[in-house]
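Where a number appears in this text, it was derived from the coordinates with a stated rule and is not lab data. Quick caveat, the model's predicted, so the values are computed rather than measured. Counting neighbours? That spans all protein chains shown, and the Cβs are built from the backbone with ideal geometry, glycine included.
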Protein chains: 2
Amino acid sequence: MDKIRVGILGYGNLGKGVELALAHNSDMELAGIFTRRQGVATRNGQALSIDAIGDYRDKIDVLILCGGSATDLPEQGKRMLAGFNTVDSFDTHARIPEHFAAMDKIGKRSGHLGIISVGWDPGLFSIARLLFGSVLPNGKDYTFWGRGVSQGHSDAIRRIDGVLDARQYTVPVPQALDRVRSGENPELTTRQKHTRECYVVAAPDADRQRIEREIVTMPNYFADYDTTVHFIDAEQMRRDHAQIPHGGFVIRSGDTYSDKKHLLELRVQLDSNPEFTSSVLVAYARAIYRMHKQGRTGCVTVFDVPLGMLSQSSADELRAHLL
Amino acid sequence: MDKIRVGILGYGNLGKGVELALAHNSDMELAGIFTRRQGVATRNGQALSIDAIGDYRDKIDVLILCGGSATDLPEQGKRMLAGFNTVDSFDTHARIPEHFAAMDKIGKRSGHLGIISVGWDPGLFSIARLLFGSVLPNGKDYTFWGRGVSQGHSDAIRRIDGVLDARQYTVPVPQALDRVRSGENPELTTRQKHTRECYVVAAPDADRQRIEREIVTMPNYFADYDTTVHFIDAEQMRRDHAQIPHGGFVIRSGDTYSDKKHLLELRVQLDSNPEFTSSVLVAYARAIYRMHKQGRTGCVTVFDVPLGMLSQSSADELRAHLL
């Protein structure tokens with residue numbers, strides 16, 4: 001069987017993760033890694049220039065967009081879907097409808113298929129919310145994140161004067177999780193659901209009290225949470241906070257017509273957020289390849305993909321062994 | 001919008017659950033309840049005779065098969081798919097390929113669409129096994145059931161001489177769950193994964209020691225497990241064991257190429273196994289209605305259904321609010 005030829009655009013954490021993930025997916029092969037930067041070394045060679053990607057239209061079945069930020073992806077997505085089937089991990093929830101509409105139009109015109117917002121949230125968590133809500137319509141959803149590193153919040157701390165480095169962990173409040181799991185369907189405030197732990201390397205002469213105050217009162221990021229700030233040195237940061245773990249919980253609690261209560265829970269616990277996200281992107285690249293072969297064009301999301309399309313196994317094998 | 005007209009065949013626990021579930025699904029309406037028995041009262045009237053179902057071909061969009069046992073369903077499924085779109089909860093894992101092949105042939109010939117093996121296992125647990133395995137290909141799956149009532153095992157005890165009534169609970173071993181969640185990927189024997197708790201009402205003159213011995217040594221059912229037997233009276237049985245709770249866990253633990261470990265877990269905890277199963281059947285009836293409208297015929301499983309088809313919400317709403 002011909003292998004699915006996968007291209008990678010962008011070579012940060014996600015792109016590197018996709019490169020590695022292909023090794024666990026024997027029905028796929030790497031067709032090329034493309035970057036905007038010059039002279040980037042990859043695991044087995046050199047990255048190619050984004051300017052050359054037009055020459056690869058017949059050599060790539062699916063292009064996985066690993067752009068560095070949520071702002072890159074809409075622009076990159078639109079340009080690439082004109083020539084390739086694409087997968088992206090666009091995660092700005094509020095702007096998904098707009099991104100979808102733009103991609104759907106371009107894909108239908110170019111005859112390609114793109115999937116947006118793939119990963120674990122959006123992605124696996126979205127699937128859980130949809131599935132749980134459909135099979136238990138009378139109930140309430142809860143999403144908890146963590147314990148894990150929030151890149152955006154870590155960046156916000158780094159922008160404070162006198163901060164050399166920072167790492168922020170989002171932590172679900174155990175009592176809130178317990179209350180949800182008990183089936184009482186509580187109304188929970190932002191503060192009741194998560195706490196925020198910050199590890200900060202300050203400049204030697206910096207005013208730590210001021211830094212702490214600036215963090216815990218920062219609107220949108222920290223003011224609505226119980227936030228703790230720990231000052232550590234650069235060596236501790238390197239030793240204890242080099243990883244990018246994450247995870248969380250989607251819980252739906254509800255009842256069926258009589259007073260019978262039911263609880264559905266998806267839990268995800270990841271040593272490396274980008275490596276796992278990459279692995280999800282690769283599985284959905286397989287689905288996009290297959291759906292495009294069946295004639296589908298435009299844009300889809302995880303809600304449109306029959307799950308069997310994700311697997312290396314045949315439909316017969318899946319029915320015999322996994323159903 | 002026209003409502004989806006749902007028929008129910010069989011009026012045991014499952015059929016009653018479907019009847020109630022329709023109340024939480026405002027896009028559906030009950031088109032009729034059919035039974036083999038005569039003069040069965042339903043919530044709002046009388047059940048109809050199975051012999052009259054041929055007259056309902058134009059009045060039912062999807063027929064949910066709530067046959068009493070796994071042996072009923074293949075026969076019933078084949079007969080009904082000749083005239084209706086169908087949903088069943090066939091759960092004899094080993095015979096799924098055979099049931100699928102027979103149904104697919106009939107559905108393609110009759111122009112109808114059937115879905116088999118819907119519920120939570122098979123069903124939601126199958127989805128978890130497929131999804132988890134696809135996004136984390138290098139790992140190991142574990143399925144635990146319980147704490148919950150196993151109808152088959154309860155029946156097996158009831159067949160023992162001197163037993164008036166029995167209820168059997170399957171219970172996951174907490175230490176086994178802990179080991180799996182720790183990421184060590186242990187090899188677990190049947191005995192290490194689950195224990196079995198039996199509550200038995202014995203005849204007044206029965207030899208309890210013999211009954212207990214017959215239970216714990218029963219091949220296939222109990223011999224491979226640590227089984228405890230509690231003798232109770234009929235009143236205790238009525239008071240403490242009238243419910244049919246169940247649930248369980250699907251856990252996949254694995255790594256991505258580097259040494260990064262990840263854990264994915266689906267947990268289901270149900271006050272009433274048949275009521276929840278009914279609720280799942282109803283959501284899949286919606287999907288079958290929609291897929292048939294799109295021209296699909298034959299047989300499918302939960303692996304073939306795009307998840308968005310399950311929801312009462314439109315694709316636009318799902319992308320805006322659940323993705």
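The table for this structure:
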read-out	value
Amide H partners (placed H, <5 Å) of B:Asp165, local residues excluded	B:Val201
For B:Val173, residues with placed amide H under 5 Å, excluding near neighbours	B:His194, B:Thr195
Net charge over other residues, Cβ less than 15 angstrom from the Cβ of B:Val62 (K, R count +1; D, E count -1)	+1
Fraction of antiparallel bridges per DSSP, segment B:168-323 only, in percent to nearest 5	75 percent
Integer Hz, Karplus 6.51/-1.76/1.60 couplings in order for segment A:173-184, x for Gly and Pro	7, x, 5, 5, 4, 4, 5, 5, 5, 6, x, 7
A:Ile50/B:Asp55 FRET efficiency (R0 60 Å; Cβ-Cβ; nearest 0.05)	0.40
Antiparallel content of DSSP bridges confined to chain B, in %, to 5	55 percent
Peptides ranked, highest mean first, by Cβ atoms within 10 Å: ranges A:133-144, A:47-58, B:148-159	A:133-144, B:148-159, A:47-58
Sequence ranges B:259-269, B:78-88, B:93-103, ranked by mean other-Cβ count within 10 angstrom, highest first	B:78-88, B:259-269, B:93-103
When the convex hull of its Cα atoms is projected in every direction, mean area for segment B:173-292 (nm²)	12.1 nm²
Segment B:252-323, relative contact order [Cα under 8 Å, separation at least 6], %	20 percent
Candidates B:Thr71, B:Thr301, B:Thr227: whichever shows maximal mean-square fluctuation once chain B is modelled as a Gaussian network with Cα springs under 10 Å	B:Thr71
Nearest-0.05 FRET efficiency for B:Gln243 and B:Ala223, computed from C-beta distance (R0 25 Å)	0.35
Cα-based shape type of segment A:222-263, given that a ≥ b ≥ c are square roots of the gyration tensor eigenvalues and the cut on a/c is 1.5	prolate
Average Cα contact separation per residue, segment A:183-323, under 8 Å, 6 or more apart, as relative contact order %	18 percent
Peptide-level mean, for B:16-26, of C-beta atoms on other protein chains within 10 Å	3
Average other protein chain Cβ within 10 Å of Cβ, residues A:124-131	6
Gyration tensor verdict on segment A:226-323 (Cα atoms; rounded if a/c is under 1.5, prolate if a/b is larger than b/c, oblate otherwise)	oblate
Table column - 3J(HN,Hα) (Hz), segment A:143-152, Karplus curve with 6.51, -1.76, 1.60, x for Gly and Pro	10, 10, 10, x, 5, x, 7, 9, 5, x
Under-5 Å amide H pairs with B:Asp61, H placed in peptide plane, nonlocal only	B:Arg5, B:Val6, B:Gly7
Copy-to-copy label separations for B:Ala315, where each label sits 7 Å from Cα toward Cβ, in nm and ascending	2.0
Neighbouring partner chain Cβ atoms per residue of B:274-280, average, 10 Å criterion	5
Distance histogram for the protein assembly as shown (every C-alpha pair counted, 10 angstrom bins, percent rounded to whole numbers)	3, 14, 23, 25, 19, 10, 5, 2, 0
For chain A: rounded, prolate or oblate by the Cα gyration tensor [a/c cutoff 1.5]	oblate
Relative contact order of chain A, pairs being alpha-carbon contacts under 8 Å that are 6 or more residues apart, as %	21 percent
Nm distances between copies for A:Gln209, ranked from closest, using label points 7 Å along Cα→Cβ	8.0
Inter-copy label distances at A:Asp233 (7 Å, Cα→Cβ; nm, one decimal)	7.4
Local electrostatic count at A:Gly10 - Lys and Arg +1, Asp and Glu -1, tallied over other residues with Cβ under 14 Å	0
Partners for B:Lys140 among lysines (Cα-Cα distance below 21 Å; same-chain residues under 8 apart left out)	B:Lys193, B:Lys260, B:Lys261
Förster radius 41 Å - calculated FRET efficiency between A:Thr190 and B:Ala203, Cβ distance, rounded to 0.05	0.10
Beta bridges per DSSP with both ends in the protein assembly as shown, % antiparallel, nearest 5	60 percent
Karplus (6.51, -1.76, 1.60) ³J(HN,Hα), θ = phi - 60°, over segment A:203-209, in Hz, Gly and Pro reported as x	4, x, 9, 6, 8, 5, 4
Over chain A: helical MRE at 222 nm, DSSP H runs n ≥ 4 each giving -39500 (n - 2.57), nearest 500	-10000 deg cm²/dmol
